[in-house]
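Chemist: Here it is: the structure, laid out below.
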Amino acid sequence: MSTLTQLETFGRPETAMERRADGTIILTSRRELGAYEDSIAAVVRARAASDPDRPLAAQRDEHDQWATLSYGEARAKADALAQAFLDLGLGPDRPLMILSGNSVEHLLVSLGAYTAAVPVAPISVAYSLMSKDHVRIKQIAGLVKPGLVFADDAGPFAAALDALEDFVPTALVARGRRAKSLLLGELSTTTAGAAVEDAMTNVRPDTIAKLLFTSGSTATPKGVINTHRMLCSNQAALRHEWPFLPSEPPVLVDWLPWSHTFGANHNLNLVLFNGGTIYIDDGKPAPPLFPRTLAALRDVAPTVYFNVPAGYALLAPALEADPELARHFFSRLRFMFYAAASLPDALAIRLRRLARDAADHEVPLTSAWGTTETAPAATGAHFADAVLGCIGVPIPGTTIKLAPEGDKLELRVKGPNVTPGYFGQPELARDAFDDEGFYRSGDAGKLVDENDPNKGLLFDGRIAENFKLLTGTWVFAGPLKMRLLSAAGVLSDAVLCGRDSDYVAALAWVNQAEAPKVLKADGDIPLDHPDLRDHLSQALASLNAGAGSAARIERLLLLAEPPSLDGGEITDKGYVNQRACQARRAADVRRLYAAEPEADIVMPARAGPEG
């Protein structure tokens with residue numbers, strides 16, 4: 001506990017602000033970014049040289065025990081795999097496609113590729129294991145033209161590997177047998193030669209490290225180029241935000257997928273760059289898998305904890321029900337961090353109460369903002385008094401432009417953390433950047449305090465998700481959805497409808513982990529349960545009280561079928577694509593706006609007669 005009091009958790013924000021005549025606001029950090037490493041491979045080699053026996057990663061083995069990989073072992077195996085990849089003809093134009101989820105094997109093949117100047121393309125596991133047609137991975141393979149595809153287990157990934165046979169000449173597997181496949185164990189014994197060192201000299205800051213694919217809805221996913229400069233500069237900026245990192249290597253218990261920028265570029269790289277350890281959590285924020293997350297947290301107390309709101313929605317009740325787990329979880333925790341979606345007010349209040357009751361030190365709840373194109377951090381709320389919903393101030397080295405876009409201010413970014421474009425699709429960059437070279441995020445932001453930029457920014461919704469009613473009134477979908485989820489307390493997510501309609505209505509899914517507690521019932525709650533319908537009816541009435549048309553929800557329909565991956569409705573981070581859901585469920589949307597609502601449409605409760 002002594003280090004928690006001796007070392008500062010947050011670096012003080014120092015933000016400069018410029019206002020332009022057209023309403024544009026420019027924000028920059030006064031802190032100099034300073035020097036940073038040339039490549040991830042160079043970072044791993046430096047860590048292996050300084051502390052070779054320190055554990056880099058741990059995952060559960062077949063006996064459910066934690067098996068660790070040290071920095072020294074990681075460097076040796078990365079060099080061996082780099083040689084093997086070079087022998088197979090991989091290179092800048094023949095990337096390594098990775099189908100597997102988070103694992104030590106996934107980490108090792110990535111480090112080997114970085115060392116050999118081979119881009120990696122980690123693909124969402126859901127596209128391989130949950131998809132029925134594998135269209136997405138075929139589209140990606142057609143764009144990337146990989147020289148090798150890796151899957152950690154030939155069994156579960158057999159269908160996906162079959163689907164890619166016409167695109168990828170060779171498969172690499174860690175476990176299981178597959179005709180014409182290479183075995184990771186055998187490649188890991190390759191003797192590294194001079195070719196590896198030659199390749200390392202070609203790994204420059206502008207060398208492509210990886211290709212991360214945005215989720216997409218109906219179009220082919222875009223391959224966002226991630227250079228070593230982007231990834232290395234981003235981690236240098238995070239050290240300014242969290243100055244304890246060099247002296248207190250972080251310990252993470254983390255499930256967030258490495259096919260996404262949050263889990264990989266932010267969290268995994270935070271460990272690599274600061275000599276920390278990541279315990280690979282094989283759970284997920286879904287009721288059947290979440291017990292694995294809780295088991296991992298019982299084994300290991302993290303020093304920093306990252307999650308998405310869906311994960312915290314399951315974690316909060318688990319900690320409330322198990323005070324011993326809560327004390328262990330908070331015992332050395334510096335902060336709780338959420339991103340990828342907004343956090344409902346009611347959930348934030350619960351998390352802060354838990355920290356106050358279970359910890360003997362302050363544990364702030366903080367956030368940040370960024371995108372796949374920004375590596376990902378662009379802003380960070382590295383101050384303990386940040387208001388809920390604050391995404392912070394610009395990180396060092398990064399400039400934020402708040403550019404007028406209708407009646408909103410679009411968040412635009414320039415800096416060494418910003419992508420140069422999209423792999424094999426250079427034409428997409430033309431619309432992605434403005435005339436000053438700022439990346440256009442499509443997200444909106446606004447100042448917490450118009451006169452003090454150090455108070456940070458508030459996320460102000462996705463510009464593309466906002467819509468107008470027939471009256472011409474704008475509906476700001478993000479904030480209204482958060483109000484609905486907080487007021488209801490029993491919903492896991494919702495999609496707001498009403499573009500060019502008279503009123504706002506919602507499609508929604510029940511949170512079966514919370515609904516029984518709220519309704520004081522046992523087991524899953526059926527969608528037609530009268531207490532559930534009455535509870536939601538009252539929640540809508542409370543939400544709507546005193547609100548104008550753009551802040552009211554007049555009808556709600558509960559959905560039994562979860563959001564579809566193949567339909568482009570959801571990513572494995574849990575983010576629901578509003579437009580894709582509305583398009584795929586057009587019949588349900590029409591039911592919300594029928595002249596006479598059907599019996600399963602929930603309406604706001606009406607006040608009883610007076611006196």
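Computed from the coordinates by the stated procedures, all read-outs in this text should not be read as laboratory data. No experiment lies behind these values; they were computed from the predicted model shown. All Cβ positions, glycine included, derive from the backbone under ideal geometry; neighbour counts span all protein chains shown.
Chemist: If you place +1 on the Cβ of every Lys and Arg and -1 on the Cβ of every Asp and Glu, how big does the dipole about the Cα centre of the range 68-204 come out, in debye to the nearest 20?
Modeler: Using only the charged Cβ atoms, the result is roughly 280 debye.
Chemist: Still on this model: Mind putting a number on the dipole of the chain about its Cα centre? Charges go on the C-beta only, +1 for Lys and Arg and -1 for Asp and Glu, and I need it in Debye to the nearest 20.
Modeler: So the magnitude is around 460 debye.
Chemist: Which whole-number value in Å³ per residue fits the convex hull of the alpha carbons of the range 466-592?
Modeler: 104
Chemist: Let me ask you something else. Could you tell me the extents of the chain's C-alpha atoms along the three principal axes, largest first, rounded to whole Å?
Modeler: Principal-axis extents of the chain (Cα, largest first): 88, 55, 54 Å.
Chemist: What does the charge add up to near ILE553, with Lys and Arg as +1, Asp and Glu as -1, over the other residues with Cβ less than 10 Å from its Cβ? Provide the component values of the computation, followed by the final result.
Modeler: Working: positive: LYS481, ARG483, ARG552, ARG555; negative: GLU554.
Its environment carries a net charge of +3.
Chemist: Separate question: Work out the FRET efficiency for HIS529 and ASP345 from their Cβ-Cβ distance, taking R0 = 30 Å, and round it to the nearest 0.05.
Modeler: 0.70
Chemist: Using Cβ counts within 10 Å as a stand-in for footprinting exposure, how do VAL387, VAL253, VAL300 rank, fewest first? Write out the running numbers ahead of the final one.
Modeler: Numbers: VAL387 11, VAL253 24, VAL300 18.
In increasing order of surrounding Cβ atoms, one gets VAL387, VAL300, VAL253.
Chemist: Among MET482, MET17, MET130, MET230, what is the fewest-to-most ranking by other Cβ atoms within 10 Å?
Modeler: The most exposed by this proxy come first: MET130, MET17, MET482, MET230.
Chemist: Find the relative contact order for the chain and round it to a whole percent, using C-alpha pairs within less than 8 Å whose residues are 6+ positions apart.
Modeler: It comes to 13 percent, rounded to a whole number.
Chemist: What base-10 log of the normalised intensity I(q)/I(0) is obtained for the range 381-535 from the Debye formula, alpha carbons as equal point scatterers, at q = 0.09, 0.13, 0.21 Å⁻¹?
Modeler: -0.45, -0.82, -1.24
Chemist: Provide Rg over Rh for the range 183-334; use the alpha carbon set for both Rg and the Kirkwood Rh (inverse mean inverse pair distance).
Modeler: My calculation puts Rg/Rh at 1.03.
Chemist: A follow-up question, please. Between the range 513-572 and the range 18-93, what's the alpha-carbon centroid distance in Å?
Modeler: Cα centres, the range 513-572 to the range 18-93: 42 Å.
Chemist: By count of other Cβ within 10 Å, fewest leading, how are LEU447, LEU315, LEU428 ordered?
Modeler: So the ranking, lowest neighbour count to highest, is LEU428, LEU447, LEU315.
Chemist: Could I ask something else about it? Which links in LYS77/LYS180; LYS468/LYS517; LYS222/LYS468; LYS132/LYS284; LYS481/LYS520; LYS446/LYS517 stretch past 31 Å when you go from one Cα to the other?
Modeler: As for pairs spanning more than 31 Å Cα to Cα, those are LYS468/LYS517; LYS446/LYS517.
Chemist: On to the next question. In whole angstrom, and with the biggest value first, how far do the Cα coordinates of the range 73-174 range along each principal axis?
Modeler: 38, 25, 16
Chemist: Taking H placed 1.01 Å from N in the peptide plane, check which residues at least 5 places from ARG60 or on another chain put their amide H under 5 Å from its amide H.
Modeler: So ARG60 has HN proximity to ALA67.
Chemist: Now, a different point. Cα gyration tensor of the range 280-369, axes a ≥ b ≥ c as square roots of the eigenvalues: rounded (a/c below 1.5), prolate (a/b > b/c) or oblate?
Modeler: Judged from the Cα gyration tensor, the range 280-369 comes out rounded (a/c under 1.5).
Chemist: With a cut-off of 8 Å between alpha carbons and a minimum separation of six or more residues, what is the relative contact order of the range 66-203 in percent? The partial results should precede the final answer.
Modeler: Working: 236 pairs, mean separation 41.0, N = 138.
This gives 30 percent for the range 66-203.
Chemist: Between the range 342-375 and the range 210-276, what is the separation of their alpha carbon centroids in Å?
Modeler: First find each Cα centre; the distance between them is then 19 Å.
Chemist: Determine the calculated [θ] at 222 nm for the chain from helices alone, applying -39500 (n - 2.57) to every DSSP H run no shorter than 4 residues and normalising by the residue count; nearest 500 deg cm²/dmol.
Modeler: Calculated from helices alone, the mean residue ellipticity at 222 nm is -9000 deg cm²/dmol.
Chemist: Amide H of GLY283: which non-local residues (sequence gap of 5 or more, or other chain) have their own amide H closer than 5 Å, using H built in the peptide plane?
Modeler: Under 5 Å from the amide H of GLY283: THR293.
Chemist: Okay, moving on. Can you give the angle from 0 to 90° between the axis of helix 71-87 and the longest principal axis of the chain, with both taken from C-alpha atoms, to the nearest 10?
Modeler: Relative to the chain, helix 71-87 is tipped by roughly 80 degrees.
Chemist: Translational diffusion coefficient, Stokes-Einstein: compute it for the range 242-301 using the Kirkwood radius over C-alpha pairs as Rh, at 4 °C and 1.567 mPa s, and state it as an integer in µm² s⁻¹.
Modeler: Numbers: Rh = 12.1 Å.
Taking Rh from Cα pairs, D becomes 107 µm²/s.
Chemist: Over the range 466-592, calculate the relative contact order: mean separation of alpha carbon pairs under 8 Å at least 6 apart, over the residue count, as a percent.
Modeler: Once divided by the residue count of the range 466-592, the mean separation gives 25 percent.
Chemist: Which translational diffusion coefficient, to the nearest whole µm²/s, is obtained for the range 147-200 from the Stokes-Einstein equation, given a Kirkwood hydrodynamic radius over C-alpha pairs, 4 °C and 1.567 mPa s?
Modeler: My calculation gives 106 µm²/s for D.
Chemist: Here's another thing I want to ask about it. Longest segment of the chain with no GluC sites (Glu not before Pro) in a DSSP loop having at most 14 other Cβ atoms within 10 Å?
Modeler: 166-361
Chemist: Follow-up. With a cap of 12 neighbouring Cβ atoms within 10 Å, and only residues DSSP puts in a loop, list the trypsin sites (Lys or Arg not before Pro) found in the range 462-529.
Modeler: Passing sites in the range 462-529 are LYS520.
Chemist: At a Förster distance of 60 Å, what's the computed FRET efficiency of SER247 paired with GLU598, Cβ-Cβ distance as r, to 0.05? Let's see the in-between values first.
Modeler: Numbers: r = 62 Å, r/R0 = 1.03.
The value I calculate is 0.45.
Chemist: Please name whichever of LEU161, LEU96, LEU183 sits farthest to the positive end of the charge dipole of the range 66-203, dipole taken about the Cα centre and charges placed at Cβ: Lys and Arg +1, Asp and Glu -1.
Modeler: About the Cα centre, the residue reaching furthest to the positive side is LEU161.
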